[in-house]
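The values are calculated or read from the model by the stated rules, or taken from the named source; none is laboratory data. Everything numeric in this text was worked out from a predicted model, so none of it was measured. Using ideal geometry, Cβ is built from the backbone for each residue, glycine included, and neighbour counts are taken over all protein chains shown. Ligands, DNA and RNA are excluded from the accessible area calculation, which covers all protein heavy atoms including side chains. Shrake-Rupley method; radii C 1.70, N 1.55, O 1.52, S 1.80 Å.
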Amino acid sequence: MSINLDSWRQLPAAQQPEWPDHGELDKVVAELKGLPPLVFAGECDNLKEHLAAVARGEAFVLQGGDCAETFAGATADDVRNKLKTLLQMAIVLTYAAKVPVVKIGRMAGQFAKPRSKPTEVRDDAELPAYRGDMVNGFDFTPESRIPDPWRLLRAYHSSAVTLNLVRAFTKGGYADLRLVHAWNQDFVAESPAGKRYEQLAREIDQALAFMRACGADPEEFHSVEFYSSHEALILDYDRALTRIDSRTGRPYDVSAHMVWIGERTRQLDGAHVEFFSQIRNPIGVKLGPTTTPEDALALIEKLNPDNEPGRLSFITRMGASKIREHLPTLVEKVTASGAQVAWICDPMHGNTFEAPSGHKTRRLDDVLNEVAGFFEVHGALGTHPGGIHIEFTGDDVTECVGGGLEIAEDDLALRYETACDPRLNRSQSLDLAFRLAELYRAV
């Protein structure tokens, strides 16, 4: 296949900022092109191998993090808390699923968000919508909302800081399996829903004790492989961070190990799909309830014509009320085509609603219901439910309702801190992991 990394520029590009000064954008892009890669092509290939195992039914993906990262959130505490929660979820899922869990963060690059409307109205004022810290500011002022291309450079440096912290935590003993399990035991002891999870926590404890008694102490107990991902929305940024791999001569977007195309930018004749067809990273595509089997098959043909295992993941975001109706035909037709695809469930984006207070929120029960539907559909078809993709934080925010430590709609204003969409807090995320473990046991 011939490589043209700028072929996307001739096509319509949805959700791009209206930069006021393209000369400044050119300066930023030139500087980004000269900066070191944030990840390496070989690491991307390693993730692709893990995702190939997912597509074969031999592994499970746990992908999650902030809806939209902020520059202010690139602190040791924030990164550690998100990583801690993800690792806690992973140990439960590893034990329940009896397969390796591939850990992918919505971290170190998730600084841009698509918006349903280009502007936001408050009282009598209308300003450009907040599109993520990579583009403009969250404050509702004319100055803050002007798209600033120099923010792309700040996104790069913030991503580098986050990745350095993640590597230090995952390789420096913080990810030790026994330590992570002790955190889960604390959660089970403290959570009002803890009684429900005591048996599973006890089983994991016994398994670890047995291995310790046998003298088993593999390296995998003390560190983990952790991969970064983001929606590659702002094409000038991801194009500037695309490099030709010296080993293979092939192009990789070295801003993240995995990048995905959103539901709003997956047009077959659009710039995002064209750009993604040129890079060799493992990639994902979000599929909503309007996706037809023909849409999915056309995307496969464009993005993975060689049917390379681990190259393409479909991340479905149907909504709890629609997944059982819309997903079966999609999975059935794609499977019948022989395409090797990893199926991942995003149970967040199809379940958003506005509370009476005006806060955008989600019910944990709806999230759980969509995940259950995802498992039911794959169970009925004999295919593999390959993973989940969630928006969560390691902090005790009040953005989604429900959970063992019950958050009601009236509680949302207490700690509603997201820059965009509502996230599960730490307790709700762990509730989800233990409930997911129960689903696995029922399969």
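Results, tabulated for the structure shown:
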| read-out | value |
| --- | --- |
| Only listed residue being open to solvent by 20 Å² or more (accessible area, probe 1.4 Å) and touching a Gly at 6+ places or on another chain (Cβ under 7 Å), chosen from Leu11, Leu62 | Leu11 |
| Per-region count, the range 165-197, residues closer than 21 Å to Phe221 by Cα and in a helix (DSSP H, G or I) | 18 |
| Output for the range 237-266, where each listed residue is more than 25 Å from Thr352 (Cβ to Cβ), part of a loop (DSSP other than H, G, I, E, B) and among the small types (Gly, Ala, Ser) | Ser246, Gly249, Ser255 |
| Residues (more than 15 Å from Gly404 (Cβ to Cβ), at pLDDT below 90 and exposed (fewer than 12 other Cβ atoms within 10 Å of the Cβ)) located in the range 172-208 | Gly172, Gly173 |
| Positions within the range 296-325 being of a type outside the set (Gly, Ala, Ser) and over 22 Å from the mean Cα position of the chain (by Cα), in sequence order | Leu297, Glu301, Lys302, Pro305, Asp306, Asn307, Arg324, Glu325 |
| Within the range 267-299, tally of residues that are farther than 21 Å from Asn46 by Cα and either touching a Gly at 6+ places or on another chain (Cβ under 9 Å) or assigned to a helix (DSSP H, G or I) (or both) | 15 |
| Subset of the range 117-166 [free of Cβ contacts under 8 Å to residues at least 12 places away in the same chain and of a type in the set (Ser, Thr, Tyr)] | Thr119, Ser144 |
| Selection count where residues are open to solvent by 70 Å² or more (accessible area, probe 1.4 Å) and in contact with a strand residue (DSSP E or B) (Cβ under 9 Å, 6 or more places away or on another chain), scope the range 209-241 | 1 |
| Set Asp396, Asp306: member being of a type outside the set (Val, Ile, Thr), surrounded by fewer than 17 Cβ atoms within 10 Å (Cβ to Cβ) and closer than 29 Å to Ala408 by Cα | Asp396 |
| The listed residue being within 29 Å of Val28 (Cβ to Cβ) and charged (D, E, K, R), out of Lys171, Lys103, Lys117, Lys98 | Lys117 |
| Test: Ala90 is in contact (Cβ under 8 Å) with a residue 24 or more places away in the chain and open to solvent by less than 60 Å² (accessible area, probe 1.4 Å) | yes |
| Tabulated pairs, the range 56-72, first part of a helix (DSSP H, G or I), second not polar (S, T, N, Q), C-beta under 8 angstrom, 6+ apart or interchain | Phe71/Phe111; Phe71/Asp133; Phe71/Arg154; Phe71/Ala155 |
| Top-ranked residue in the range 416-443 [being in a loop (DSSP other than H, G, I, E, B) and of a type in the set (D, E, K, R); ranked as farthest from Phe60 (Cα to Cα)] | Glu417 |
| Of the criteria (1) surrounded by fewer than 22 Cβ atoms within 10 Å (Cβ to Cβ); (2) under 26 Å from Trp19 (Cβ atoms); (3) hydrophobic (A, V, I, L, M, F, W, C); (4) touching a strand residue (DSSP E or B) at 6+ places or on another chain (Cβ under 6 Å), which one Val273 fails | (4) |
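Residue-by-condition table, conditions (1) crowded, with 22+ Cβ neighbours inside 10 Å; (2) among the basic types (Lys, Arg); (3) outside any strand (DSSP E or B); (4) in contact with a helix residue (DSSP H, G or I) (Cβ under 9 Å, 6 or more places away or on another chain):
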site: Pro347; (1), (2), (3), (4): yes, no, yes, yes
site: Phe353; (1), (2), (3), (4): no, no, no, yes
site: Gly358; (1), (2), (3), (4): no, no, yes, no
site: Phe375; (1), (2), (3), (4): no, no, yes, yes
site: Ala380; (1), (2), (3), (4): no, no, yes, yes
site: Ile388; (1), (2), (3), (4): yes, no, no, yes
site: Leu405; (1), (2), (3), (4): no, no, yes, yes
site: Asp410; (1), (2), (3), (4): no, no, yes, no
site: Leu414; (1), (2), (3), (4): no, no, yes, no
